[in-house]
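The values are calculated or read from the model by the stated rules, or taken from the named source; none is laboratory data. In this text, all values refer to a predicted model and were calculated from it rather than measured experimentally. The accessibility values were calculated without ligands, DNA or RNA, using every heavy atom of the protein model including side chains. Shrake-Rupley method; radii C 1.70, N 1.55, O 1.52, S 1.80 Å.
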Amino acid sequence: LVLFKEQIASSKNVLSIIMKWLMEPLLNESERTEPETVILDLALNMIRNLLQVDSSLDKDGQRVQLPANLKARLRNAQDMLLLKFAEENVMEMLVMLANSVEEEENRNWNLLLLDIFGLMFVCEDPSEVIGSADVLNGSWKTSERRKELLAAVPKAQSVQQRRAKCAIRNSRFTGTFKTNTVNGLMYLGATPTARPDVNNQNKRKIARKKDVTDAVEKRSAVGRCDVLVKLDEYAQMFVEDGFNSLLGTVTYDYSMESAAIEDSDDHNFTAVSSWFMRYHRLKEKGRISALPKRVKPEKKSENAEGGKGKDAG
């Protein structure tokens, strides 16, 4: 799956050729032939399969645990693929198809489109998607997302958490090393036991941390902020043009107890609807907070009103 994502994302002509095949069937819905419908269906299923990020199932039906470096490589390939989709107008095509999903020719793809939008957006945090534009243009320090993070974890508390996680550099010397006994007593200046085992464990931890760090650095090279900016752009487009029509057709299928609905569609419907409603709420909150403050009219004092009454009398 990782290799498939990387090859599609790094290719120059694969998605562009596929999009040329799809544009004519998409634009001519009423005159769409059966072979064109089959090609469009295969293309949408290919897009859905490319966007998968879950590992395969084992014999017991449980997800296989992937190593950290492979997980990072998978996420990096996903980011590369999303940027390629934005470059080749694949995301715009999906929003356009969601907008016209109420048409009889496109109605059968509503659950497939729901799955695709879930794979693209649900794994991201809506607040980070919205705040990506602030990071890109350099206004992160004054952004609402930074204020929310500081309010959630105050500065003093975050400093204490970092100090608790970081080892003291002088802890190996006498007088600063602390150890707890079995009875719960604490001794200062004690010599740690089994020092070689601790060193071996630390070496293994450092090696694992280095592998994860290298994988994260490779992922950041793609441009994580650019991916979030593109997701923000197309999420706003989907909210304006495709959200109501797509979710409306799925709701109708639920009301009619359609046989096409599976158990996974329940999760997709809940996840996609809640993600985009939260995204829209945060967008509106940011838009309202950016408006200039309304100046309240000054209240007339009682003395002034009383004076006016006497003059009138």
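Provide the solvent-accessible area of residue 30, counting protein heavy atoms only and rolling a 1.4 Å probe, rounded to the nearest 10 Å².
Looks like 100 Å² after rounding.
Longer than 32 Å from Cα to Cα, which of 5/285; 230/296; 230/285 are they? Say none if no pair is.
In this structure, 5/285; 230/296 lie more than 32 Å apart at Cα.
Give the ranking of 237, 19, 277 by solvent-accessible surface, highest area first, calculated with a 1.4 Å probe.
Putting 237, 19, 277 in descending order of accessible area: 277, 237, 19.
Suppose all protein chains stay in the model; what accessible area per residue would a 1.4 Å probe give for the stretch 9-51, in Å²?
I get 60 Å² per residue for the stretch 9-51.
Calculate the length of the line joining the C-alpha centroid of the stretch 1-73 to that of the stretch 224-287, in whole Å.
20
Just to make sure I understand: if all protein chains stay in place, what is the order of 238, 269 by accessible area at 1.4 Å, largest first?
269, 238
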